[in-house]
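K.L.:
Quick one: the structure is below, and I'll ask about it shortly.
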Amino acid sequence: MPEMDVINTDNKKVGKITLNPEIFGSPVKGHLIHEVLVNQMANKRQGTAATKSKGMVRGGGAKPWKQKGTGRARAGSNRSPLWKGGGIVFGPHPRDYSYKVPKQVRWEAMNSAFSAKVASQDLVVVDKIDLPEPKTKIMASMLKKLGLEGSLLILTTKNERLIGRAARNIPWVTVKNIESLSLYDIVSHRKLLITSDIVKKIEEVFS
C-alpha cells in the first residue's frame, strides 16, 4: 500500500499516512482521463451559436432581375448564400453538446488522476492548514515554505472558508471544495495540496 510523508505548514515531517491503493496507487489509464475530460468540456459548452439560413434572413422577396435577356446569371433572391448579406450554408444552430459517461468510467478516471499525482510526486499532504486570519500575505508565506510555486490546487471542505479568502488574490492558486471537485480541476493544475482529513474524505467518496 502506498505511503506518503505528512508535513506541517513549516515543511517539517510530522508523520506518515497510508493511502488507499485503489485510488492513489491504481494504474494510470490515460485513455479514460481523456474520455472524461472531453465529456466534461462538452458538457460545459453553451451551444448557443446560431446563424441564419436563406429562409431566415430578412428581405429577398423580389426577384433581383428578370430570368432572361440581361446577360447576367440567373438570380431568384438577393438573400442567396452567394450574395453579400445572404444566408449561411450549413452554419451552426443552437444544440445540446452534453452527453453521459458511465459512472464507473468517471470513477476510474479520477483514481487515475490521483495516482498520477502520487507517481509524479505532485501530491502534498499536510496535517492541517491553520490560518489566524484570511490574509493573502499569510497564505503566500505558507506556500513559499512548502516550496509550492506555480499552478496549485488546494482541496478543502465547506467549513474551511478562510483558505479560499486567503488564496483568492494569488493568481496561480485555486481553492476547490471536495464536494464539487472534477477531473478537469485535478488535471489542469500541476500540484495538489490536501490535508490528512481530505485524504480520508477522498477515499470515502471515490472508493
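K.L.:
Subtracting the Cα-Cα distance from 0.36 nm times the residue separation, let me have the gained length for GLU204 to TYR184 in nm, one decimal.
P.N.:
On the way: separation 20, 0.36 × 20 = 7.20 nm, distance 2.01 nm.
This chain segment gains 5.2 nm when fully extended.
K.L.:
Would you kindly calculate the mean projected area, averaged across all directions, of the convex hull enclosing the Cα atoms of the stretch 107-195, in square nanometres? Walk me through the intermediate numbers first.
P.N.:
Numbers: hull surface 22.2 nm².
Answer in nm², one decimal: 5.5.
K.L.:
Here is a follow-up. Which value, in debye to the nearest 20, gives the size of the charge dipole of the stretch 67-207 about its Cα centre, when Lys and Arg are +1 and Asp and Glu are -1 at the Cβ?
P.N.:
Working: 24 positive and 13 negative charges, 236 e Å.
Once rounded to the nearest 20, the dipole reads 1140 debye.
K.L.:
Applying the Karplus parametrisation 6.51 cos²θ - 1.76 cosθ + 1.60 with θ = phi - 60° to the phi angles of the stretch 187-199, what ³J(HN,Hα) value in whole Hz is obtained for each residue in order, glycine and proline being reported as x?
P.N.:
Values per residue, Gly and Pro as x: 5, 7, 10, 6, 10, 10, 10, 9, 9, 4, 5, 5, 4 Hz.
K.L.:
Here are labelled values, (1) 1.63; (2) 4.23; (3) 0.93, and one is the computed Cα Rg over 2.2 N^0.38 Å for what I pasted. Which one?
P.N.:
(1)
K.L.:
Tell me, what ³J(HN,Hα) does each residue in the stretch 111-125 have, in order and in whole Hz, if you take phi through Karplus 6.51 cos²θ - 1.76 cosθ + 1.60 with θ = phi - 60° and put x for Gly and Pro?
P.N.:
4, 5, 5, 5, 5, 5, 5, 5, 5, 8, 6, 9, 9, 10, 10
K.L.:
Provide, for the stretch 1-87, the number of lysine pairs with alpha carbons under 18 Å apart, each pair being eight or more places apart or on different chains.
P.N.:
Working: LYS52/LYS84; LYS54/LYS63; LYS54/LYS84; LYS63/LYS84.
Taking the stretch 1-87 as the scope, the lysine pair count is 4.
K.L.:
Quick one: accessible surface of HIS31, probe radius 1.4 Å, all protein chains present, in square angstrom to the nearest 10.
P.N.:
That residue has around 120 Å² of solvent-accessible surface.
K.L.:
Sticking with this structure for a sec: Using the Karplus equation 6.51 cos²θ - 1.76 cosθ + 1.60 (θ = phi - 60°), what ³J(HN,Hα) coupling, rounded to whole Hz, does each residue of the stretch 200-206 give in order, writing x for Gly and Pro?
P.N.:
Karplus values, whole Hz, x for Gly and Pro: 5, 5, 4, 5, 5, 7, 9.
K.L.:
Determine, for each peptide in 68-77, 48-57, 160-169, the mean count of other beta carbons within 10 angstrom over its residues, then list the peptides with the highest first.
P.N.:
Details: 68-77: 10.2, 48-57: 13.1, 160-169: 17.8.
Highest-to-lowest ranking by the protection proxy: 160-169, 48-57, 68-77.
K.L.:
At what distance in nm do the modelled label points of LYS12 and ARG165 sit from each other, each positioned 7 Å from its Cα along Cα→Cβ?
P.N.:
Taking the two extended label points, one gets 2.9 nm.
K.L.:
Run lengths n ≥ 4 of DSSP H only: what is the helix-derived mean residue ellipticity at 222 nm for the chain, with -39500 (n - 2.57) per run over all residues, to the nearest 500? Before the final figure, lay out each step's value.
P.N.:
On the way: 7 runs with 70 residues, N = 207.
Result for the chain, helices only: -10000 deg cm²/dmol.
The values are calculated or read from the model by the stated rules, or taken from the named source; none is laboratory data. Every value quoted in this text rests on a predicted model; they were computed, and no experiment measured them. Ideal geometry is used to build each Cβ from the backbone, glycine not excepted, and the neighbour counts take in all protein chains shown. For accessibility, only protein heavy atoms count, side chains too; no ligands or nucleic acids. Shrake-Rupley method; radii C 1.70, N 1.55, O 1.52, S 1.80 Å.
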